[in-house]
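The values are calculated or read from the model by the stated rules, or taken from the named source; none is laboratory data. All values derive from a computational prediction rather than experimental measurement. Here the Cβ is made from the backbone with ideal geometry for all residues, glycine too, and neighbour counts use every protein chain on show. Heavy atoms of the whole protein, side chains included, go into the accessibility calculation; ligands, DNA and RNA do not. Shrake-Rupley method; radii C 1.70, N 1.55, O 1.52, S 1.80 Å.
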Amino acid sequence: MGSVTVVGAGVIGLSIAHELATAGHTVRVVAAREATASVSGVAAAIWFPHDVDHSTRVLDSAAVTYRRLERLAADPRTGVHMRPGTVLSRRPHPDTSWTRAVPRTGPADPADLPAGATGVRCTVPLVETGVYLNWLRETVAALGVGFRVAEAASVDEVLRTDEPDALVVAAGLRSAALLGDDDECFPIRGQVVRLANPGLTEWFTDADHPDGLTYVVPRRDDVVCGGTGDTGAWDERIVPETEAAILRRVTAMVPELAGQPVLSRAVGLRPGRPTVRLEAVPGHDRPVFACYGHGGAGFTLSWGDAARTAALIP
């Protein structure tokens with residue numbers, strides 16, 4: 001076992017730090033922002049492999065994470081809950097490959113769906129991002145993981161400063177720039193608005209909505225309503241017209257949300273990539289590994305990909 005620096009303190013970086021520390025490594029996390037201030041803090045964080053390829057490797061990691069989060073849901077301190085809901089589709093032959101990562105699924109009642117839509121009913125983990133990310137950071141710190149607040153300029157700069165035996169780049173969208181060898185990473189802009197919860201407990205996602213990506217994810221005290229999937233957009237400003245369109249879509253589908261006060265709003269840039277990058281990166285004087293490009297599935301793949309990353313480091 002040796003020393004490992006992890007660049008990135010979002011859900012992927014913290015999960016990797018946890019698995020490395022559990023395996024006996026001395027671990028340090030380097031990041032400019034806390035997890036709750038990263039794109040991980042914006043996520044609706046319902047388990048689903050969104051904006052990521054549905055390869056065997058991805059779905060295997062999703063299944064590992066499902067089981068881990070299901071166990072964590074037994075501890076109220078984690079902010080993980082098992083919640084029923086519906087994945088809607090409006091196309092003739094929807095991709096349901098993701099269902100093999102879920103223990104139990106079934107068809108939705110057509111009477112409960114918009115005209116022309118089909119749906120898959122399932123119960124999946126829902127993560128209260130603020131609670132979970134703070135719990136995960138505290139858990140990682142209790143394992144002896146150290147933290148350095150800094151904006152990493154490059155992989156070589158971190159290797160010089162921290163002098164680790166190995167380094168993992170898990171900094172989401174910034175990872176490609178830090179490594180300098182990847183031109184396939186791109187932003188997927190997501191805008192959400194969080195409303196007061198009028199008593200909803202079931203979630204739904206509707207990626208095929210004719211007016212744009214639509215989802216409603218009720219948490220304990222609010223409802224995350226979205227959203228957008230603007231590929232290539234770097235703008236992190238709140239766009240009022242986009243929020244108004246989101247509210248029109250979600251209130252049309254869930255009338256109980258009409259008139260609920262806005263509690264908060266946010267924009268995050270998901271780290272898009274044709275495939276998740278999880279591999280050793282050659283060309284450095286010490287072992288360097290990449291784990292990024294999870295699109296809208298960071299929470300969904302977190303524990304599975306953390307375990308895969310830790311397995312690469314002796």
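Just how large is the dipole of region 210-314 about the Cα centre, in debye to the nearest 20, putting +1 at every Lys and Arg Cβ and -1 at every Asp and Glu Cβ? Display every interim value, and only then the final one.
Details: 11 positive and 12 negative charges, 49 e Å.
The calculation lands at about 240 debye.
In terms of its Cα atoms, region 86-162 spans 59, 28, 22 Å along the principal axes, sorted from long to short.
Quick one: dipole size for the chain, taken about the Cα centre, charges +1 on Lys/Arg Cβ and -1 on Asp/Glu Cβ, in debye to the nearest 20. Kindly include the intermediate steps, with their values, before the conclusion.
Values: 30 positive and 37 negative charges, 138 e Å.
So the dipole magnitude of the chain works out to roughly 660 debye.
Annotation: per residue accessible area for the chain equals 43 Å², rounded to a whole number [probe 1.4 Å, protein chains only]. Placing dummy labels 7 Å off each Cα toward the beta-carbon, the span from Arg57 to Thr139 is 2.5 nm. When DSSP beta bridges are restricted to pairs lying wholly in the chain, around 70% turn out antiparallel. In terms of modelled amide H atoms, which long-range or inter-chain residues lie less than 5 Å from the amide H of Val276? The answer is Asp53. Which one, His209, His81, His25, has the greatest fluctuation when you compute a Gaussian network model over the chain with C-alpha springs under 10 angstrom? Of His209, His81, His25, the most mobile in the Gaussian network model is His209. Kirkwood hydrodynamic radius computed over region 249-292 comes to 15.1 Å, based on all pairs of distinct alpha carbons.
Taking trypsin sites (Lys or Arg not before Pro) in DSSP loop states with no more than 12 other Cβ atoms inside 10 Å as exposed sites, the chain has its longest site-free stretch at 105-219.
Loop-located GluC sites (Glu not before Pro) in region 109-206 (DSSP state other than H, G, I, E, B) with a sparse environment of at most 11 neighbouring Cβ atoms within 10 Å: Glu151, Glu184. Summary value for the chain: 27 percent relative contact order, contacts being C-alpha pairs under 8 angstrom separated by 6+ residues. Rounded to the nearest Hz, the phi-derived 3J(HN,Hα) couplings of region 270-282 under the Karplus curve 6.51 cos²θ - 1.76 cosθ + 1.60 (θ = phi - 60°) are 5, x, x, 6, x, 9, 5, 9, 9, 6, 6, 10, x, where x marks glycine and proline.
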